[in-house]
Amino acid sequence: MTEQETTVAGTAVVDSHDAPPLPVTDGVLVRVRARLPEFTGALRRVAEQVLSDPTSAARATIVELAERSGTSPATVTRFCRALGFEGYADLRLDIASETGRAARSAGWSVDIGREIQPNDPLDRVLQQIIAADTRALADTSALLDLRAIERAADALAASSRIDLYGIGGSGLVGAEMQLCLHRIGLATWSWTDLHNGLASAALLSAGDVAIAVSHSGQTRETIEVLAEAGSHGATTVALTGFPHSPLADVADIVLLHAMQATTFRPDALSGRHPQLVVLDLLYIAVAQRTHDRSHAAFQATARAVAGHWAAKGEGA
């Protein structure tokens, strides 16, 4: 199931020189993906060309990249500066370094950006999926602000109630987090319906936490519910792939993840594993902060279900 998203009508995209660049410490391709919704016109064409074939972009001259993207060398230069580079030479060097590291770490002779073909053998498909997910997880690690994780964990550990919101595939991710937090004794609910989510958000208050999941950060229902929760004093957390998205704008704390799309797995589905890793890290951080309570809750829940475990040798 993919995330069924309704794009926010009238959301403005701005030319990249009007928005602050992301930190240069992040991988360049991660930054390009994160800024993609903001690019418009010629700048977006340059970004899409780089993302579609980063290896070729690393080898191309500024004139060649401009021709391939249907733009001009001046536009490519402006694109570089929007990402925090002084010029095209620095951009090429970073792309080459990043694609080289990805190829070495993958350990397979797999082009991560290659499309999966209908007649590809399953072993090739498996390598492609694992390589893409490995890259997405590495990019997420580079992109994630651990201080934001700590702030969110502090809020969750001290909360009286936690609500998670998500539509479609994002709802499945939220439900997974709900099960984890519930297992360690935190009062947690997960909502995928707009009306139920709004009703729940309206009952939150200071001391409660609301977490919304949306890869694009443009799902209208998710934005509305998180904003409702924030209006009642709850601490709001957004898990998204885009730091300048409408969802991020209404959140107190933004947790970012990366993704690496492959054929038959669009953006929202390709972001599932990185989203789960971010939430798993957040869950562990909360469990650390509530160690005694979490340990006692684990023991109690284990005892409750122990009678339903199959005995060794049963059914043999």
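The values are calculated or read from the model by the stated rules, or taken from the named source; none is laboratory data. Since this is a predicted model, take the numbers as computed values, not measurements. Cβ atoms come from the backbone with ideal geometry, glycine included; neighbour counts cover every protein chain shown.
So here's what we get for this one:
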{"item": "Only listed residue being more than 19 Å from R272 (Cβ to Cβ), at pLDDT below 80, of a type in the set (D, E, K, R) and surrounded by fewer than 20 Cβ atoms within 10 Å (Cβ to Cβ), chosen from R124, R114", "result": "R114"}
{"item": "Qualifying residue in region 117-129 (condition: assigned to a helix (DSSP H, G or I) and touching a residue at least 24 places away in the same chain (Cβ under 8 Å))", "result": "yes"}
{"item": "Pick from region 189-214, criterion out of contact with any strand residue (DSSP E or B) (no Cβ under 6 Å at 6 or more places or on another chain) and small (G, A, S), ranking: surrounded by the fewest Cβ atoms within 10 Å (Cβ to Cβ)", "result": "A206"}
{"item": "The one condition in (1) under 22 Å from R147 (Cβ atoms); (2) out of contact with any Leu (no Cβ under 8 Å at 6 or more places or on another chain); (3) surrounded by 24 or more Cβ atoms within 10 Å (Cβ to Cβ); (4) at pLDDT below 95 that G217 fails to fulfil", "result": "(2)"}
{"item": "Residue within region 276-292 that is touching a helix residue (DSSP H, G or I) at 6+ places or on another chain (Cβ under 8 Å) and either at pLDDT below 85 or farther than 16 Å from A153 by Cβ (or both) present", "result": "yes"}
{"item": "Those residues of region 137-176 which are basic (K, R) and touching a residue at least 40 places away in the same chain (Cβ under 8 Å), in sequence order", "result": "R151, R161"}
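Quick grid of which residues meet (1) touching a helix residue (DSSP H, G or I) at 6+ places or on another chain (Cβ under 9 Å); (2) part of a helix (DSSP H, G or I); (3) among the aromatic types (F, W, Y):
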residue	(1), (2), (3)
A142	yes, yes, no
S160	no, no, no
G174	yes, yes, no
Q178	no, yes, no
L186	yes, no, no
N196	no, yes, no
